[in-house]
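S.K.: Following this message is one structure expressed as structure tokens.
Laboratory data are not the source of any read-out in this text; all were calculated from the coordinates shown. Just so we're clear, the structure is a prediction, and the values are computed from it rather than from any experiment. FYI the Cβ positions are ideal-geometry reconstructions off the backbone, even for glycines, and counts take in every protein chain you see.
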Amino acid sequence: MILIVPLLCVLHKAMEMNATSGGTEGQRDIYHQKPENKDEEGAQHSEDEQEKCKEKMGKKTLADVIQEMKTFLWNSEKRECMGRTAQSWGLILLFYLILYMFLAGMFSFCMYGLLLTLSPYTPTYRDRVSPPGVMIRPYLHGFTIAFNVSEPSTWTPYVNSMHHFLQAYDDNVQEEKNIECPAGQYFVQDGAESEEKKACQFKRSQLQNCSGIEDPTFGYSTGQPCILLKMNRIIGYRAGYGTPVSVNCAIQKGNESALKSVDFYPGNGTFDLMYYPYYGKLTHVNYTSPLVALHFTDVKKNDFVPIQCRLNGEGIVNDVTNDRFLGRITFTLSIGM
Amino acid sequence: MGKKRSDIYSVEIHGTQDLEKTDKEDEEEKYKNLKGNKKKSKKTDDLKKELDLDDHKLSKEELEEKYTTSISKGLTSARAAEILARDGPNALTPPKSTPEIIKFLKQMVGGFSILLWVGALLCWIAFGIQIAQGVASAFDNLYLGVVLALVVILTGIFAYYQEAKSTNIMASFSKMIPQQALVIRDGEKKEVPAEQLVVGDMVEIKGGDRIPADIRLIFAQGCKVDNSSLTGESEPQSRSCDFTHENPLETKNIAFYSTTCLEGTATGMVISTGDHTIIGRIASLASGVGNEKTPIAIEIEHFVHIVAGVAVSIGVLFFIIAVSMKYKVLDSIIFLIGIIVANVPEGLLATVTVSLSLTAKRMAKKNCLVKNLEAVETLGSTSIICSDKTGTLTQNRMTVAHLWFDDQIYSADTSEEQTTQSFDQSSQSWAALSKIVTLCNRAEFKPGQENVPIMKRVVVGDASETALLKFAEVILGDVMGIRKRNRKLAEIPFNSTNKFQLSIHETEDPNDKRFLLVMKGAPERILERCSTIMINGEEQPLDRERAEAFQTAYMELGGLGERVLGFCHLYLPEDEFPDTYPFDTDSMNFPTSNLCFVGLLSMIDPPRSTVPDAVSKCRSAGIKVIMVTGDHPITAKAIAKSVGIISATSETVEDIAKRLNIPVEQVNKQDARAAVINGMELKDMTTEQLDEILINHSEIVFARTSPQQKLIIVEGCQRQDAVVAVTGDGVNDSPALKKADIGIAMGIAGSDAAKNAADMILLDDNFASIVTGVEEGRLIFDNLKKTIAYTLTKNIAELCPFLIYIIASIPLPIGTITILFIDLGTDIIPSVALAYEKAESDIMNRRPRHKKKDRLVNEQLAVYSYLQIGILQSVGAFLAYFTVYAEQGWLPNTLLGLRVNWEDDYYNDIEDSYGQEWTRYQRTYLQWSGYTAFFVSITIQQVADLIIRKTRRNSLFQQGLLRNKVIWLGIFSQIAIALILCYGLGSVTALNFTPLRVQYWFVAMPYAILIWVYDEIRKLFIRQYPGSWWDKNMYY
């Protein structure tokens, strides 16, 4: 709504721009904007004559145009600004103020009505967000993880990113906030929607070699980087429909030998069922997404190695052309020695 | 024979002969003078030279000398070739025409095209940059650029095609060129192509030939030419080798290029060829007259300026805002593209063209053929019609209008389809008169026309005799039979010395052995030969009283501009003229004096019966009708009066002078509403005087005008800011037709040149069709206003998303491709449908629009569409947008400021308001759903917009919702297209549509209803409080 006054001015100006470029017709056009001038035909006529003379003498000079523009902006004779008197401007602005206030009110009312129909716990539709997408950590910007083992400055940002991300997974934090759940089954919490939901522990230590506890550099200092893989959260989504979703990684295109071995933690690189379903951030406050750590223990060095990791499980889609992050993720490792 | 018209038939009461003598002579000079005042002499300079022609005055020997030729042997071939090389071929130079490719390219850059080209260019620049940066979505910009370019090219092709249909004026002039000419060269006759004729060539022409160049006749026998296409004179002109008039246009010894030789033979010397001929000069005059921009073209240009102004202003403004908000320049460029695309109503110009052509089609059905589409509207804004008289206002055929016998004037029916005459036919005098009319007449029906209505039968004979023949046939029937029964014994045809026609017949009464001598001719000449006059069937002496009565009647009929004929007869006494009497027309061995005067008949080319009504309709529609004719002032004035161009109560300066019995100079010119201006007076007028006449008199007749003067009159009218329509049929009208804002040519009587110069052709030559045209023109103007208002509205709903996207950084609510689908998809048929809307009130009862004040797109229209309904639509559409996002988990507050992350291709786990994480593509797909919802909402609200645009002032209920069925077709198509795009093409990713949940179609519904209610309130207040602040600001 802030746009209205500039818009109004722009429109006026557009009319005026046209007016000045249009020569004679422009002059009248300004007149035309003021219907009260209808009875001043006579005066207007003489104006026309003047215009005609000008026309005869040739094109209007720049000074004329500027003068016209000035008169348009502030006509001291008629005390008009942009073709309207103060009163006229007052009225028109008042009108628009009322109109737009009414519109704003109606819009707010409609939005309020809309929000009333929404549940604060679950969105009305979840068809666009499922099946889940996949992301990795560290995530700095882009999906090329390139560093040189011998130059710590190239990999510290990754390590810091990992540490930062894993703070929420610190064992003591998890133990303090979350409960231990029975593995291998969905942690369904019935009861009122508004009730606060419990979250299952996912301890950092479960990531073993990639936990950053024993090796605070997550293997980056040795050229065996850890990458954490995360499935996007979807409210009420039961990943795998009873069978845990697992992860596998492979060279996307090219020489298979570039990637000799990957270790998966925890377990064999599965997302345990107990972490599902998710109940939304309002009630499932301390929920931490389960992770799968990929430990690239033997990757071809000094080369760009494109790796694609896929989720496998029932209900997982990982082969849509348009969405390259749906059930899969592609990233490039480039480890220099 | 050739003289008979001017000597016998025409009535020269006020000495108009003098007037006609000199006017043509100086018209060129006149034209030059007037134009000179305007400092616009470049084109007309050539015309000055026109009449330095003196070849008609020279003797044969002088001619031979001047052109170094020989009348008997002609030029030598070598000399002819030399002159041909010097003067060029005997053909009209076609005007420098713009190459087709230039015309085509012009269409590519006109209107909104420049803006769209800029948009396309920006797209490609953005594509180039993005592809260099490796952005995945770069190709979107490439495609968008291609689509924009396609839109421009297709619109351009469409416009070009429309323009190409209008034909070239010179085409018909060149068609007039005769193919072959018989020329004497090297002492031998030979056929050469007329193009190779040169000055000095001796050519022979015979009946049926086109005159191959301007020719000074050396020898002529019974030669008659048809000059109608050149001078507007409809009767054949005789040609001889005598120098009869100072003015080369009037003299009989010059025949003009492109006119037709009707009968006889002639030999003449070529005195000018090609562009130097008279017709060549008129042609160059016609093509020299610039094609004025039509009012609607000016209006559309004005509108384009406004829209472009808004687009550029907002575009630049937001580009600056975007840059200062730390957006990347590339992003800012992409915003700019969006703003341009959103602002430009891509489909509108095509829609306008379609609407105009629909009206053109409708008008063609009513016998108005529109050549230049834009002229459809011009007629609606016409404020002055300059109408030719002959053939347009009149039937272009002599008809008996009045009779005088028994000392009384009777009126005859002059309508087009007369079958009976209703005046009193019981008198014996009528019986006698009818007999003379029937018998003293050489005209005959062509055989085999028994089933053709009398008025439509083809007659051999001149115009007056034809009129009498038809008149007699209507009343008496079987004229040929009567003539057979009254065998003709002797006859003296017209000749210029006698000025009468006489014949002697046997009577059909077997008991009456007397011969009947019948005579007709110029009334005063006939009266001289009479000693008695027939009153109620009885012969009475022709005393002074009777003679005065005759004089009064003669003056009265003459004053009506009618051609008057006197009729008398004499029964030759049986004893003096027995059965076997040898009548000899040479020695005139029979009495030709002391006859019995029977009556007068007067004839006129009567007005078409539909014209008076049409003129009064024009009047009530605020259109000034001016008659511009080559005819005599008296006839012109009479016709003007009878059709209402000069209304019954109006007086001219001369009338007032006559009534008050004071000299003309003393009359206050302001008192006279009417004016009859002679071509000669016009010649001496300055521009200011002409302006004064045009301003001060509401009823004007220009008589004896030349082509150049017609042009001057049209220009004079245009100086008054009037939109001028000109009707005409001859070549001589073509410059004025071209100069007029709208030239209207007659379809039947019109010459090709006139038709080519015109923008519109009346297929039935009926002036009344013009009224239809005016009505349609005004309607289309109103309806175009509605169409534009309708189209502009949604531009704001398309623009706002971009502005809010930039300022509030929300995910983009609607994409450029989607906008194009609205502009060129859903909105096209509805906006055309508005062209079918009926008028809101009686559009023929209001004044024509002032072309500089009543704009097609005025501030009110723009403001109301942009800032009121447009904003309302945006609000409705945004509600749908927010609904779609909110129901998918993105609450409005989350959306604000989300743009950068939302559009980050690497960021594939953005959390929504509920903590769910979305990949980039999932978000994009949701964004497309948003586009679709926004699109659907605009469509739904455009339905409401379409319905409210049906009227500007009246309530919808007054207008009727069902009267315009096409509107419903429009609504149906709109929704159908939206459904197809949404559900049918929802899976085609490039189009950015997704199948939408059904309920989202209804989100904007309350706003659609609000639009309708709001507009009804607006209209209610406008109707309730005319002239109020509300009316001034809200009525568009």
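S.K.: Excluding B:PHE423 itself, calculate the net charge of residues whose Cβ lies under 15 Å from the Cβ of B:PHE423, where each Lys or Arg counts +1 and each Asp or Glu counts -1.
M.R.: The answer is -4.
S.K.: Also: At what distance in angstrom do the alpha carbon centres of segment B:426-442 and segment B:624-645 lie from each other?
M.R.: With segment B:426-442 and segment B:624-645 each reduced to a Cα centre, they are spaced 32 Å.
S.K.: Can you list the GluC sites (Glu not before Pro) in segment A:158-256 that are in a DSSP coil and have 14 or fewer other beta carbons within 10 angstrom?
M.R.: Here the GluC sites (Glu not before Pro) that fit, given the DSSP loop and packing criteria, are A:GLU180, A:GLU193, A:GLU195, A:GLU196, A:GLU214.
S.K.: How far is the Cα center of segment B:556-596 from the Cα center of segment A:122-190, in Å?
M.R.: About 128 Å separates the Cα centre of segment B:556-596 from the one of segment A:122-190.
S.K.: Please give the calculated 222 nm ellipticity per residue for chain B, where each DSSP H segment of at least 4 residues contributes -39500 (n - 2.57) and the sum is spread over every residue; nearest 500 deg cm²/dmol?
M.R.: -14500 deg cm²/dmol
S.K.: Can you give the longest run of chain B that contains no trypsin sites (Lys or Arg not before Pro) sitting in a DSSP loop with at most 10 other Cβ atoms inside 10 Å?
M.R.: My reading of the result: B:327-1036 is the longest stretch.
S.K.: Listed here are the pairs A:LYS70/B:LYS328; B:LYS755/B:LYS1032; B:LYS366/B:LYS738; which of them are more than 32 Å apart at the Cα?
M.R.: Table pairs above 32 Å Cα-Cα are A:LYS70/B:LYS328; B:LYS755/B:LYS1032.
S.K.: Distance cut-off 26 Å, Cα to Cα: go down the list B:LYS252/B:LYS371; B:LYS371/B:LYS641; B:LYS206/B:LYS446 and report the pairs above it.
M.R.: B:LYS252/B:LYS371; B:LYS371/B:LYS641
S.K.: Starting from the coordinates of the alpha-carbon atoms of the protein assembly as shown, obtain the Kirkwood hydrodynamic radius over all distinct pairs and give the value in Å to one decimal.
M.R.: About 38.6 Å for the protein assembly as shown.
S.K.: Another question about this same structure. Compute the distance from the alpha-carbon center of segment A:244-287 to that of segment B:72-124, in whole Å.
M.R.: Spelled out, the Cα-based centre of one part sits 75 Å from the other.
S.K.: In terms of the Cα gyration tensor, with a ≥ b ≥ c the square roots of its eigenvalues, is segment B:631-712 rounded because a/c is under 1.5, prolate because a/b exceeds b/c, or oblate?
M.R.: Verdict is oblate for segment B:631-712.
S.K.: Where both partners of a DSSP beta bridge lie in the protein assembly as shown, what percent of those bridges are antiparallel, to the nearest 5?
M.R.: Here the antiparallel bridges make up roughly 75 percent for the protein assembly as shown.
S.K.: If you place +1 on the Cβ of every Lys and Arg and -1 on the Cβ of every Asp and Glu, how big does the dipole about the Cα centre of the protein assembly as shown come out, in debye to the nearest 20?
M.R.: So the dipole magnitude of the protein assembly as shown works out to roughly 3180 debye.
S.K.: Could you list B:MET685, B:MET398, B:MET1005 so that the one with the fewest beta carbons within 10 Å of its beta carbon is first and the one with the most is last?
M.R.: The most exposed by this proxy come first: B:MET1005, B:MET685, B:MET398.
S.K.: Given B:LYS224/B:LYS637; B:LYS739/B:LYS853; B:LYS224/B:LYS499; B:LYS624/B:LYS851; B:LYS520/B:LYS658, which pairs have Cα atoms separated by over 24 Å?
M.R.: Among B:LYS224/B:LYS637; B:LYS739/B:LYS853; B:LYS224/B:LYS499; B:LYS624/B:LYS851; B:LYS520/B:LYS658, the Cα-Cα distance tops 24 Å for B:LYS224/B:LYS637; B:LYS520/B:LYS658.
S.K.: Rounded, prolate or oblate: which fits segment A:240-333 when a ≥ b ≥ c are the square roots of the eigenvalues of the alpha-carbon gyration tensor, with rounded for a/c under 1.5 and prolate only if a/b beats b/c?
M.R.: Prolate.
S.K.: Now a separate question. Straight distance only, please: which aspartates and glutamates reach the Cα of A:LYS300 with their own Cα at less than 13 Å, same-chain residues fewer than 8 apart left out?
M.R.: List returned: A:GLU256.
S.K.: Hey, another quick one. Compute the Cα gyration tensor for segment B:459-511, then decide on rounded, prolate or oblate, letting a ≥ b ≥ c be the square roots of its eigenvalues: rounded whenever a/c is under 1.5, prolate when a/b is larger than b/c in the other cases, and oblate in all that remain.
M.R.: oblate
S.K.: Within 9 Å, Cβ to Cβ, of A:VAL285, how many net charges do the neighbouring residues add up to if Lys/Arg are +1 and Asp/Glu are -1?
M.R.: Result for the neighbourhood of A:VAL285: +2.
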